[in-house]
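One structure below.
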Amino acid sequence: MSSMSDSANPFRINERVDGFLVRRITRLENLRSTAYELFHERTGARILHLHNADAENLFSVTFPTPPPDDTGVPHILEHSVLAGSRRYRVKDPFFEMVKCSMATFINAMTGSDYTVYPVASNVRQDFYNLAEVYWDAVFHPLLTEKTFQREGHHLEFTAKGDVAGDLIVKGIVYNEMKGARSNPEAKVYDLIEKNLWPDTPYGKDSGGDPEKIPDLSWKGLRDFHGRFYHPSNAYIFLYGDIPTSEHLRFLGPRLAEFGKTDVRPDLPPQPRWKQPRRLEDVYPVAPADPTDGKTFIVLNWLIGSGIDTRELFAFSALDRILLGSQSAPLRKALVDSKLGQDVTHSGFWANGVDTSFHVGLKGSEPERAEQVLKVVRDTLAQIAEHGISKEQFDAAVQQLKYRFLEITPSFPLHLMGYVIGMWQHGADPLTLLHAEEHIRKLNADFAAKPARRFADLIREKLLDNPHRLLLVVRPDREVQQRKDTEFAAKMRKLKDSLSPVQLQDIRKDQQELEALLNTPNSPEAIASLPQLKVGDLPPKPRHIPTSVEKLSGGPTLLNNDVFANGVNYLHVSFDLTGLPAELYPYLPLYGDCVQKMGAAGQDFVAIAQRVSGFTGGVAFSAGVTTAVDDPNRIVRHAVFATKFLDENVEQALAVVRDLVFELDPRDVPRLKDVLLQSRAYQRARPTSDGLGLALRHAARGMNLDGYFQEILGGIPQISLLEKITDAAPEPLLERIDAIRRFLLNRRRLTVSFTGSPSVAEVLRRRLGEWAAAMRDEAIAEASVDDFVPTAVPPREGLAAPMNVAYCAMAMPSAHISHPDGPRLAVASRLLSLGYVLEEVRFKGTAYGGGCSYNGAGRLWTFHSYRDPWVNRTLDVYASSLNHVKSADWSQGDVDRAIIGTAKEGERPIRPTQATGTALSRYLTGDTPQLREARHAAMLGVTLGDVRRVLIEQFERNAKGAAVCVVSSRQKLEEANSQRPEQALEINDILK
Ligand SMILES: [Zn+2]
């Protein structure tokens with residue numbers, strides 16, 4: 001470790017600068033950064049700045065916030081501080097800043113033992129604006145009672161303001177957590193945390209258990225803030241090219257108004273058990289739902305300390321060895337056992353004081369728990385007996401390297417996560433930034449005793465470890481109804497216990513809350529927020545520096561010049577024009593085969609070993625869109641995507657070649673497993689992806705690409721898996737092979753690459769060989785007649801068990817090439833954040849809501865996320881036109897929307913996304929000239945433009961609009977009974 005300072009930061013260790021003590025300066029060569037660690041002497045605030053040449057600067061404050069109970073106080077506080085502060089008396093500064101800043105990241109997160117507030121921007125003035133608003137929010141929030149009620153919980157009468165109606169509980173976090181609970185996977189995570197750490201804050205629910213949230217008081221919320229949100233409990237992490245001294249000038253005066261408090265967040269380790277435990281619990285399914293094959297069985301162990309790096313890296317490697325690929329022994333043993341459909345909730349967790357290890361199966365039956373336990377124990381015992389091979393170990397280390405070398409899309413945030421995890425638990429914050437050192441030690445440990453290194457760990461930490469929980473979570477048809485009845489009875493009892501005066505008070509509160517929600521922020525309050533001007537924006541969007549090469553034999557190579565730190569990214573794309581209509585639905589399954597089956601005479605185990613040994617994975621996807629300059633040119637392509645380290649280029653390309661040329665799905669028992677896994681995934685989608693399903697379904701009749709999106713990722717995929725999983729395999733085998741044969745035409749081939757120049761050289765040679773081995777056949781003009789969408793019902797409901805709704809509405813819109821494209825982009829942002837979000841989230845207490853314009857898809861959509869309402873939300877969508885006509889928007893509002901839209905073009909270009917983005921820009925003809933023209937047009941959008949394009953959008957296209965709501969049958973039928981004249985046509989998603 002060397003200690004030096006750079007020219008922009010002339011500090012010395014132990015020097016005092018404006019109240020800060022410089023504690024340590026560390027050069028981090030691999031990150032091209034210098035870490036400055038400082039200590040604010042008056043308050044005890046800790047500061048760490050990772051200074052480097054990156055223009056994306058990040059500011060973050062983290063507070064350890066161990067939850068004292070299950071009321072979700074850390075989570076409700078996280079929401080509430082971002083609802084008005086001393087200097088910024090607006091209801092929702094977070095959303096105002098989302099609207100008007102160039103933030104590349106802005107959010108707040110509640111973890112199991114901490115709360116963090118990060119913001120990032122590429123524009124210096126914007127960065128300090130964001131930091132200032134966040135600082136005021138976390139240290140000086142207003143935390144009014146109304147905010148507490150809105151974000152946390154409050155009572156309402158179902159019939160608006162009528163005390164004769166039923167009492168119900170409402171609140172944004174209350175609602176969010178109720179939605180989260182309707183997902184069985186999330187419920188299983190909760191049960192694991194609650195029961196593996198029962199005697200610590202980790203066993204408490206930092207997010208909030210909907211049944212306990214109403215126990216939190218306003219005072220409880222303010223007390224929690226007073227205790228933990230203090231500089232003495234703050235960890236301030238900064239990243240980027242702004243000099244540290246400038247950050248100190250920002251922080252110094254702001255910290256000066258605080259003293260020191262003695263706040264010690266209590267984060268004790270969990271006392272270890274002497275005996276393993278077993279627990280059975282349930283999750284709700286609808287009364288009519290089948291319950292077979294829907295049980296989760298998860299084995300959980302408490303392992304060791306979260307700051308023991310030797311163990312941390314050993315277990316990170318062991319995780320990948322045991323579970324990291326389709327051929328990994330523990331994963332394979334579980335899948336082969338046929339005791340369930342797929343592995344779930346599995347792996348090594350290191351996000352607290354204690355680390356843990358988990359192995360789970362989903363799609364099982366409760367009575368198989370002991371058998372699952374036996375399979376896991378037998379497999380682990382066998383591995384401990386025979387040891388781990390050098391190849392298995394090397395593959396695991398290769399996988400670990402990506403985690404630490406890769407320049408990920410949100411790179412500063414990624415590093416923040418590494419720093420905070422160690423820092424707030426009292427370890428050296430730079431520990432994980434020296435990952436290469438730890439990987440070297442891991443290699444040395446293994447080399448010293450290859451046979452025993454992991455065998456000892458498996459025995460001591462897993463097989464002989466009594467702190468083990470066997471968790472069985474099965475579906476239950478009655479629990480939801482029982483809970484609903486109990487809750488209704490509780491609310492009735494509560495209501496009966498209240499005096500008429502108290503009932504009137506609730507009514508009054510409800511009305512006041514609604515009135516407050518309906519009062520927009522005053523222009524003065526909005527003006528108090530620091531704002532960028534349109535003139536501060538860069539005149540041109542950022543481009544990816546891509547060179548286009550025509551290789552011998554025909555394929556096109558896009559070479560993207562972006563620093564990638566020794567990791568190489570490759571997208572091999574095939575034009576799908578002319579693919580027979582009946583094969584489109586099978587593209588996702590073909591992709592599953594690419595990831596899970598064998599090839600080139602090798603079985604899936606051998607292929608999986610090569611993939612995990614030499615690459616960061618090989619994925620396949622297919623997409624459909626339109627050309628940017630021509631709405632009538634449909635662009636359809638399939639992509640094999642991979643990444644690999646410099647030293648593995650030959651082996652990585654060889655395995656990609658085998659998968660492209662010689663994919664082999666004929667191992668029928670294995671194929672059956674793959675289908676079962678895909679079916680389990682599809683069955684979970686109503687809860688895991690309800691909004692995605694609703695949006696695709698609503699848009700499927702709009703145009704050709706909407707139709708394809710539905711076929712490739714919508715309801716038809718769920719039905720297809722239900723149909724073919726138990727059918728004879730031959731027709732499927734034939735279709736998979738037909739897709740493979742179809743792709744092997746050199747004229748379909750375009751390749752996008754980001755990485756090292758030496759690797760590019762190898763790639764050119766191999767691509768030439770690949771092209772030579774493919775046929776050379778003209779691509780037939782697209783015949784699209786087979787796909788002409790049929791008329792779809794204008795209002796549909798898709799039913800599945802859940803207790804929230806996802807409401808989508810789609811309508812045709814202008815193509816991106818239309819002069820109104822940039823205007824619609826700005827207008828949709830203004831309407832979304834200024835109206836739909838306000839109505840659906842703030843007044844309707846849905847978790848999210850908005851509208852958006854998709855130029856390539858020629859589509860306008862409205863959406864709500866985890867929504868307690870159906871008709872109310874659809875009314876908001878329908879009344880957009882009236883709102884547009886009467887809204888008193890100013891050019892200032894439009895300018896904020898322009899700034900928000902412009903930031904999409906100002907994202908930092910990281911290698912991970914450059915490869916795919918460069919490819920899609922090339923394929924859709926999105927040239928730098930077109931992007932610059934759209935950017936310039938967007939900067940010039942006026943209030944008149946916005947109003948005109950929105951009125952045209954809704955007046956012209958309302959007739960073609962389609963609604964789709966994903967929710968429970970009960971909720972959908974309830975909506976229909978309130979609105980029979982506009983009933984939704986209801987179908988069950990899973991029949
Ligand atoms: Zn939340």
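Which members of segment 918-956 meet the condition of being surrounded by fewer than 17 Cβ atoms within 10 Å (Cβ to Cβ) and among the polar types (S, T, N, Q)?
Thr927, Gln929, Thr942
Looking at the structure I just gave you, is Ala451 under 30 Å from Lys643 (Cβ atoms), surrounded by fewer than 16 Cβ atoms within 10 Å (Cβ to Cβ) and either touching a Phe, Trp or Tyr at 6+ places or on another chain (Cβ under 7 Å) or not aromatic (Phe, Trp, Tyr) (or both)?
Spelling it out, it is not the case that Ala451 is under 30 Å from Lys643 (Cβ atoms), surrounded by fewer than 16 Cβ atoms within 10 Å (Cβ to Cβ) and either touching a Phe, Trp or Tyr at 6+ places or on another chain (Cβ under 7 Å) or not aromatic (Phe, Trp, Tyr) (or both).
Looking at Phe228, Phe250, Phe258, which one is of a type in the set (A, V, I, L, M, F, W, C) and under 15 Å from Val17 (Cα atoms)?
After applying the criteria, what remains is Phe250.
Of all residues in segment 693-724, count the ones that are at pLDDT 95 or above and hydroxyl-bearing (Ser, Thr, Tyr).
Of the residues in that region, 1 qualify.
Among the residues of segment 666-687, is there at least one that is farther than 27 Å from Ser327 by Cβ and aliphatic (A, V, I, L, M)?
Looking through segment 666-687, none of the residues is farther than 27 Å from Ser327 by Cβ and aliphatic (A, V, I, L, M).
Just to confirm my filter: which helices (runs of 4 or more DSSP H) fall fully inside segment 443-557 and include at least 3 residues that are of a type in the set (A, V, I, L, M) and over 36 Å from the mean Cα position of the chain (by Cα)?
Of the helices (runs of 4 or more DSSP H) lying wholly inside segment 443-557, those with at least 3 residues that are of a type in the set (A, V, I, L, M) and over 36 Å from the mean Cα position of the chain (by Cα) span 500-518.
Could you give me the residue pairs with C-beta distances under 9 Å whose first residue belongs to segment 841-855 and is under 20 Å from Leu516 (Cβ atoms) and in contact (Cβ under 8 Å) with a residue 12 or more places away in the chain, whose second residue is away from the ligand (no atom under 16 Å from the Cβ) and part of a loop (DSSP other than H, G, I, E, B) wherever it lies, and which are 6+ apart or on separate chains?
Phe842/Lys91; Gly844/Trp869; Thr845/Trp869; Ala846/Trp869
Taking the stated definitions as given, is Tyr835 among the hydroxyl-bearing types (Ser, Thr, Tyr), in a helix (DSSP H, G or I), surrounded by fewer than 22 Cβ atoms within 10 Å (Cβ to Cβ) and more than 16 Å from the ligand (Cβ to nearest atom)?
yes
Go through segment 598-702 and tell me which helices (runs of 4 or more DSSP H), entirely inside it, have 2 or more residues that are among the basic types (Lys, Arg) and in contact with a strand residue (DSSP E or B) (Cβ under 6 Å, 6 or more places away or on another chain).
Where helices (runs of 4 or more DSSP H) fall fully within segment 598-702, none carries at least 2 residues being among the basic types (Lys, Arg) and in contact with a strand residue (DSSP E or B) (Cβ under 6 Å, 6 or more places away or on another chain).
When the residues of segment 55-90 are filtered to those that are of a type in the set (D, E, K, R) and surrounded by fewer than 20 Cβ atoms within 10 Å (Cβ to Cβ), which remaining residue is nearest to the ligand (Cβ to nearest atom)?
Asp69
Would you tally the residues in segment 28-84 being under 26 Å from Thr431 (Cβ atoms), touching a Leu at 6+ places or on another chain (Cβ under 9 Å), in contact (Cβ under 8 Å) with a residue 40 or more places away in the chain and in a loop (DSSP other than H, G, I, E, B)?
Matching residues across segment 28-84 total 5.
On the basis of being among the acidic types (Asp, Glu) and closer than 25 Å to Pro908 by Cβ, does Glu460 make the cut?
no
Could you look through segment 845-864, keep only residues that are within 16 Å of the ligand (Cβ to nearest atom) and assigned to a loop (DSSP other than H, G, I, E, B), and pick out the one that is farthest from Ile168 (Cα to Cα)?
Filtering first and then ranking leaves Tyr847.
Here's a check for you: in segment 8-27, which residue that is part of a strand (DSSP E or B) and among the hydrophobic types (A, V, I, L, M, F, W, C) is modelled with the lowest pLDDT?
Going through the qualifying residues, I end up with Val17.
The values are calculated or read from the model by the stated rules, or taken from the named source; none is laboratory data. Just so you know, these numbers come straight off a predicted model, no measurement behind them. Methodologically, a virtual Cβ is constructed for each residue, glycine included, from the backbone with ideal geometry; neighbour enumeration extends over all protein chains shown.
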